[in-house]
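A short reminder: the numbers here are calculations on the coordinates, not readings from a lab. Predicted, not measured: the structure shown is a model, and the values here were computed from it. Backbone-built Cβ (ideal geometry, glycine too); neighbour counts: all protein chains shown.
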Amino acid sequence: MNTNKSQSRAKLIKLLTIFTILLVMMTSLMACDYEVEEYRDTGIYMDTRVDIIVEARNESIADEAIDAAKDEINRLENKMSRHVAGSEIDEVNRNAGEQPIQVSQETWEVVAESIELGEQMDGYFDVTIAPLLTLWGFGEDEHHLPSDEEISELLPLVNHNEIEMDEEKHTIYLPDSDMRLDLGGAAKGYIVDRATEVLAEHDIESGLVDAGGDINTVGPKHDDEPWRIGVTHPRDRQNYFAVLELNGEAVDTSGDYERYFEEDGVKYHHILDPYTGYPTEGMISATVMADNAIRADILSTGAFGLGLEGSLELFEELDDVEAIIVDDNGEYHMTSGLDGIEIPDQYKDQQLK
């Protein structure tokens with residue numbers, strides 16, 4: 001009798017196991033079989049155009065996810081922009097030389113990541129660059145071509161090693177009353193990262209957030225095809241000179257064509273060298289692929305100061321980082337691991353004209 005019971009129990013367990021496997025397989029097949037539509041939203045946030053694209057089963061799901069992502073963008077911009085009165089960065093700047101200011105986890109992470117990657121880039125990315133940006137009029141109402149004396153006076157204020165950060169209290173302090181933070185080369189990437197995380201939290205399996213060239217993706221497209229991202233031709237902005245494929249990665253392009261002014265026939269762009277105070281030279285575009293947008297944002301900006309050879313050498317060493325850089329002769333240079341890139345025939349000679 002005990003033997004029969006044992007045999008019956010074994011058969012029952014076997015049947016239940018088979019049933020469970022079949023149920024899991026059927027559920028997986030059903031999950032892959034649903035139809036999706038592509039939904040888009042465009043708006044102006046962080047002083048740039050932001051496009052949000054999602055693939056969802058219906059408009060209600062898409063709208064809820066997109067609205068949540070936009071809310072997150074607004075929330076974080078109001079914490080991190082130095083141009084927003086009362087933001088955490090505005091408070092840090094206004095209290096420079098007076099007292100430390102407690103900030104949120106998000107702002108702390110952006111400043112800490114900026115300093116860490118800035119160090120890896122030999123200081124060519126520096127969040128204390130704000131006094132020089134203001135001097136040149138970038139981010140202000142009117143541009144200004146400063147004198148050597150004006151620049152020399154402000155250069156000592158640009159040094160992220162002077163920032164005092166208390167990790168336990170989450171406070172940030174600028175010891176000189178004239179120091180200022182600007183997170184423009186990092187916060188946008190971080191905010192894009194958070195926006196894509198919010199999409200995923202709202203059951204979006206395929207999506208993309210593009211904030212003026214800071215791009216992050218949620219997985220591949222629903223049909224397992226990659227997101228195809230065009231890299232802007234730096235001297236013909238209506239066209240692309242390369243196409244990248246993303247399957248959940250991020251990419252950012254920085255260029256001398258984004259923000260600039262001309263005076264007496266000379267072009268002055270907004271990416272300043274922290275050591276000289278003048279716009280960087282030798283590079284006109286840097287596109288960086290990374291595992292998140294904040295890294296891509298910082299690395300693509302800092303590359304302009306670090307230079308072509310130094311940047312390519314660093315990017316080869318870093319995990320999950322690839323890049324394509326255009327020098328001031330119009331020649332493009334790629335890291336060795338950049339797969340899935342498509343170059344139109346007219347640009348395959350590596351010369352952009």
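Distance between the C-alpha centres of the range 190-266 and the range 82-124: 25 Å, rounded to the whole angstrom.
How about the range 152-254: which GluC sites (Glu not before Pro) there are in a DSSP loop, with at most 10 other Cβ atoms within 10 Å of their Cβ? Those that pass, being in a loop and sparsely packed, are Glu167, Glu168. Taking 0.36 nm per residue of separation and subtracting the Cα-Cα distance, full extension of the segment from Lys348 to Tyr278 would add 21.9 nm.
In deg cm²/dmol, rounded to 500, what helix-only [θ] at 222 nm does the chain give when every DSSP H run of at least 4 residues adds -39500 (n - 2.57) and the total is split over its residues? Taken over the chain, the calculation gives -12000 deg cm²/dmol. Computed over the chain with a Gaussian network model linking Cα atoms closer than 10 Å, the most mobile of Gly265, Gly340, Gly310 is Gly265.
For the chain, lysine pairs with C-alpha atoms less than 18 angstrom apart, excluding pairs fewer than eight positions apart on the same chain, total 6.
Could you order peptides 299-305, 223-229, 76-82, 174-180 by the average number of other Cβ atoms within 10 Å of their residues, highest first?
Details: 299-305: 27.7, 223-229: 14.6, 76-82: 21.6, 174-180: 17.3.
Most protected by this proxy first, the peptides run 299-305, 76-82, 174-180, 223-229.
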